[in-house]
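Beneath this line is the structure, given in structure tokens, with notes to follow.
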Amino acid sequence: MAEALVIHGGVTDRPSILVVDDTPAILQLLQVLLCDDYAIVTVDSGLRAVEAFAGKTFDLVLLDLLMPEIDGFETLKRLKQLPNFASTPVIFLTAMDDLASERCALELGADEYIVKPFKPTLVRLRIDNLLQRVHLQRQLEMALASADKGLWEWDLRSGRVSIDARWGEHLRLVPNQTSGDPVRWKDYCHPGCMTVIDEAKAAYLAGRLPAFDADVQLLNADGQWVWVNLYGKAVMTSAEGDFARLTGTYRNIERRKQVEIALQKSEERFRFVMDATGEGIWDWQVSSDLLAHNASFSRILGMAEGNLEHAVSFIQSLIHPDDLASVMGCMAACLDEGMDFVSEHRMRHVDGHYVWVAERGRVVERGDAGQPLRAVGSLRDISERKAIEAEYKRLALYDALTGLPNRRLLVDRLRQAIIQNRRNKECGVLMFIDMDRFKQINDTFGHESGDMLLIEVGRRLSSCMRETDTVARLGGDEFIVMLTELPDERRVARYDAERVGNKILDVLNQPYQLGGNVCESTPSIGLTLFGGDATEPVEAIIKRADGAMYEAKMAGRNRLRFVT
């Protein structure tokens, strides 16, 4: 007769097996077969099995069916009542080779039913496989418990939903919505969230999403609606290849959702403020090609205010071609280097004209590897400010009467020409032009006619020049023409300059229609060459040309004089 309770082996971290059988030979065989890898406890009756489980938890039970006092079925029923038995796997080892006994064992929750006499090696393999599954199941349970996740299963054919809440948020059915029909998502879910489940299911089944993923509100055990994330995939398909069953996990995301809702409300308030100020706001999920924005963004560019989402590629196509490289460079620095995106550039309005905008933005979310995930920014119309700046610049650098560059802009361009001459081994020519008898015309016909003469002189001079040349008005009836990109050979450069000077003499000698009067005025022109000598002051070059012009006047006016 076997001992009432025998513990074999001293290793406590090995899987433990409780062997229950009234045949000593079977107990001895199983102990020898399993003791190298498992901690074995043997008992010879069902009552002793219950006693053994009362003081210790086992990983597996090997249970005989025919035993004195209570049989294996009754033993299993009593074991199931113990709190530490839970889902412990059970293998029946019995001589009862009939369908009714096997069915009863499986209905009671047995995992295996092996008929004696058995092959020890096959029993060992079944035990190993079963304990491996138990090990994996417990690892899964630990992972679920640490993540506060529960399991769910959804039969797509019947609509039936099963939820295992042992590790996750405990849920209950929505009151007055269930009968004898199978439980479905609508019996747990807030009515306003059913569309979310249907859309997530359709997107997953159509292949648009890699998994079923939905944030919904479910009713918890306390009768409160809580935000829960449902995530799962297909585990079974029909004979036609369609998904038949989904299974997955759920977890409470109430805290995260409340933060998201608070952030959304904050963003909405901010958007309202920006709409009130006319400032456009944009939000870009960097991995996508879509840019979300407010109505002010649309108004600035003349787009329909009802469409608050556009492709990033479309927005980029609106940037003026001359500004695009600069804008893209600033955006790259923002995405890759963490700098703020700051840019003033032109964007095409729906009507076809360009508006000046000031744009600012920054990356507000990055991935684990530092890659940009989300960027936000603003867009403001600064066309009026740019127009004022342009007008200030024009007044500062251009003559108010003729629209030609003034002395300040001429000096700047002359300095740049000297630098260019040195770099390209070229030279330039400066012509100082003074209109003869201008005071007489002004005094005779009035200042208005004098102004008309100066405007026409500026127009005629500009018509004789290349785009690279400069025509400027110094003041009064004095003009400057600067020719650039001439050959470094001084003789050739002088020849080209005199040729242009004679052309100017011809066009300025033509009569002038000044209102109802026709007048004539001739120019006196002084020419001088300048090269790439940065040490020579630009004022000295202008003075040299001025001296040549006085020589032309002294020689009788309406002619050229050249000074080197």
Just rank T402, T522, fewest to most, by other beta-carbon atoms within 10 angstrom.
T522, T402
What angle, in degrees between 0 and 90 and rounded to the nearest 10, separates the Cα long axis of helix 538-554 from the longest principal axis of the Cα atoms of the chain?
30
Under 5 Å between amide hydrogens, which residues at least 5 positions from H345 or on another chain qualify, with H placed 1.01 Å from N in the peptide plane?
V357, E359
Explain nothing, just compute: Karplus ³J(HN,Hα) = 6.51 cos²θ - 1.76 cosθ + 1.60, θ = phi - 60°, for every residue of segment 215-221 in order, whole Hz, x for Gly and Pro.
9, 9, 9, 10, 8, 8, 5
Once each part is reduced to its C-alpha centroid, what is the distance from segment 216-232 to segment 92-115 in angstrom?
40
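For the chain, report the convex hull volume of the alpha-carbon atoms normalised per residue, in Å³, without decimals.
Working: hull volume 165.8 nm³, N = 564.
Measuring per residue, one finds 294 Å³ for the Cα hull of the chain.
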Taking θ = phi - 60°, what integer Hz values does the Karplus form 6.51 cos²θ - 1.76 cosθ + 1.60 yield along segment 305-318, in sequence order, with x for Gly and Pro?
6, x, 9, 9, 8, 9, 5, 4, 4, 5, 4, 5, 5, 7
Expected 222 nm ellipticity per residue - DSSP helices of 4 or more, -39500 (n - 2.57), all of the chain, to 500:
-13000 deg cm²/dmol
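If you take the Cα Rg of segment 6-143 and divide it by 2.2 N^0.38 Å, with N the number of residues, what do you get?
Numbers: Rg = 13.9 Å, N = 138, 2.2 N^0.38 = 14.3 Å.
Compactness ratio reported: 0.97.
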Once phi is turned into ³J(HN,Hα) by the Karplus curve 6.51 cos²θ - 1.76 cosθ + 1.60 with θ = phi - 60°, what whole-Hz value does each residue of segment 222-229 show in order, with x for glycine and proline?
8, x, 10, 7, 10, 7, 9, 9
List the residues, sorted by chain then number, that are 5 or more residues from Y354 or on another chain and whose placed amide H is less than 5 Å from its amide H.
H349
The residues M194, M554, M347, sorted from fewest to most surrounding Cβ atoms within 10 Å, come out as M554, M194, M347
Please list, short to long, the whole-number percent of alpha-carbon pairs of segment 149-252 in consecutive 10 angstrom bins beginning at zero.
15, 51, 29, 5, 0
May I ask you to order 459-467, 389-397 by the average number of other C-beta atoms within 10 Å around their residues, highest value first?
459-467, 389-397
When each of K186/K257; K77/K119; K233/K257; K201/K233; K56/K116 is checked by Cα-Cα distance, pairs over 19 Å
K186/K257; K77/K119; K233/K257; K56/K116
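Throughout, read-outs are computed from the coordinates displayed, never taken from laboratory work. On a predicted model such as this, the values are computed, not experimentally measured, just so you know. Every residue, glycine as well, gets a Cβ built from its backbone with ideal geometry; the counts of neighbours run over all protein chains shown.
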